[in-house]
1. Could you give each residue of the stretch 181-198 its phi-based ³J(HN,Hα) in whole Hz, using Karplus coefficients 6.51, -1.76, 1.60 with θ = phi - 60°, and x for Gly or Pro?
2. Residue by residue, what Karplus-based ³J(HN,Hα) values in Hz, rounded to whole numbers, does the stretch 200-215 have, using 6.51, -1.76 and 1.60 with θ = phi - 60° and x for Gly and Pro?
3. Determine, for each peptide in 206-214, 187-195, the mean count of other beta carbons within 10 angstrom over its residues, then list the peptides with the highest first.
4. Give the long-range amide H neighbours of Val42: residues separated by 5 or more places, or on another chain, with amide H under 5 Å away, using H modelled in the peptide plane at 1.01 Å from N.
5. Starting with the highest mean, order 41-51, 128-138, 76-86 by the number of other Cβ atoms within 10 Å, averaged over the residues of each peptide.
6. Along the stretch 52-60, what does the Karplus equation 6.51 cos²θ - 1.76 cosθ + 1.60 (θ = phi - 60°) give for ³J(HN,Hα), rounded to whole Hz, x for Gly and Pro?
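Values in this text are rule-based calculations from the coordinates and carry no lab data. What you see is a predicted model, and the numbers here were worked out from it, not measured in a lab. Please note: Cβ atoms are built from the backbone with ideal geometry, for glycine as well, and neighbour counts cover all protein chains shown.
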Amino acid sequence: MAAAKRATSVARSSAREAPTLGHDVYVCSCAELVEHVEAGSVDLVVADPPYAREFLPCWTELADLSAHALRPGGLLVAMSGQTYLPDVFDRLGERLTYHWTAAFTWEDGARAVQQFPRRVMSRWKPLLVFSNGKYEGPWMGDVVVVSPAEAETRVTHMWEQSLPGVTDVVLRFSQPGDLVCSPFLGSGTVGVAALSNGRRFVGCDTDPEAVETTRQRLGV
């Protein structure tokens, strides 16, 4: 009888610890997503905001959302351009703790982006890793490498990142069952990577067409 009770207790505990995989996507801004996400419920935020100067306020919104949504020790991993990095660091650092800068790059330097104002041929992008408080999770590698063929696997969005590269980011910085958030959906690549690998997902975009594309890819 005691063994049966213990077995029942273990089964109930396992049911509580194994979250049901699901997804929610919204037509709203990063700032407005706060209204749809429970405080401290997200394990990983993956973001690729616009890089131009006029979009720097997006980084403040991203910091505010992440500070609200991330569990203690949860991570924001944000792809960024290099031109305005000091401003980006300042805005994220107002609400979050800097942890590391990883690299998103292309195999054998096969792809380069011309940064005309700075006269630079850039062959990598920073992946800015910030935490909500102190990070005490697993060790992590800090270079994501994408092959030239993988880099061209876009679905519809002009700024879309490759699914293999984004999948590497999701696997590298989260665990199965984690809730992954993408506040700049684009075509929903983060959501596809998350759900395909046993994570849960929530995201948003201000563009209804981007949200519809995401819903189609996720099978909503």
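1. Values, residue by residue: 10, 10, x, 10, 4, x, 9, x, 4, 4, x, 4, 4, 5, 5, 5, 10, x Hz.
2. 9, 8, 9, x, 7, 7, 7, 8, x, 5, 5, 5, 5, 4, 4, 4
3. Packing order, densest peptide first, comes out as 187-195, 206-214.
4. Leu70, Arg71
5. Per-residue mean Cβ counts within 10 Å order the peptides as 41-51, 76-86, 128-138.
6. After applying 6.51 cos²θ - 1.76 cosθ + 1.60, I find 5, 4, 5, 9, 4, x, 4, 6, 5 Hz.
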